[in-house]
Amino acid sequence: MPEAAVNRDGLGAPHPDRPEIVLNPDAVQTLKAGDIALIKGSGWEGSERSALVHCSPSLSLGQKRLLLTIDPA
């Protein structure tokens, strides 16, 4: 999502007063099965407040998900 569509105050562990994360549902972008994405997180210099916000969909019984992380440090 573009930064303007994200409420970063809603990120993190769920709690009763957590605000909605998505400010504009029409701005949500998705990857299709088999797509590959290079995603920089908040640990990357310069991305502390602009890292990708993501939500992985629930898996059906028997489905698997592959996540590869690379730490260049």
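Values as computed for the structure displayed
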read-out: Test: residue 71 is modelled with pLDDT under 85, open to solvent by 90 Å² or more (accessible area, probe 1.4 Å) and part of a loop (DSSP other than H, G, I, E, B); value: yes
read-out: Condition met for residue 18 (among the basic types (Lys, Arg), open to solvent by less than 70 Å² (accessible area, probe 1.4 Å) and at pLDDT 85 or above); value: no
read-out: Selection status of residue 30, loosely packed, with under 10 Cβ neighbours inside 10 Å, without any contact (Cβ under 8 Å) to a residue 60 or more places away in the chain, within 13 Å of the chain's Cα centre (by Cα) and assigned to a loop (DSSP other than H, G, I, E, B); value: yes
read-out: Selected residue (only one of 58, 50, 42 is part of a loop (DSSP other than H, G, I, E, B), open to solvent by less than 100 Å² (accessible area, probe 1.4 Å) and without any contact (Cβ under 8 Å) to a residue 12 or more places away in the chain); value: 42
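The values are calculated or read from the model by the stated rules, or taken from the named source; none is laboratory data. All values derive from a computational prediction rather than experimental measurement. Here the Cβ is made from the backbone with ideal geometry for all residues, glycine too, and neighbour counts use every protein chain on show. Note: accessible area is taken over every heavy atom of the protein model, side chains too, but ligands, DNA and RNA are not part of it. Shrake-Rupley method; radii C 1.70, N 1.55, O 1.52, S 1.80 Å.
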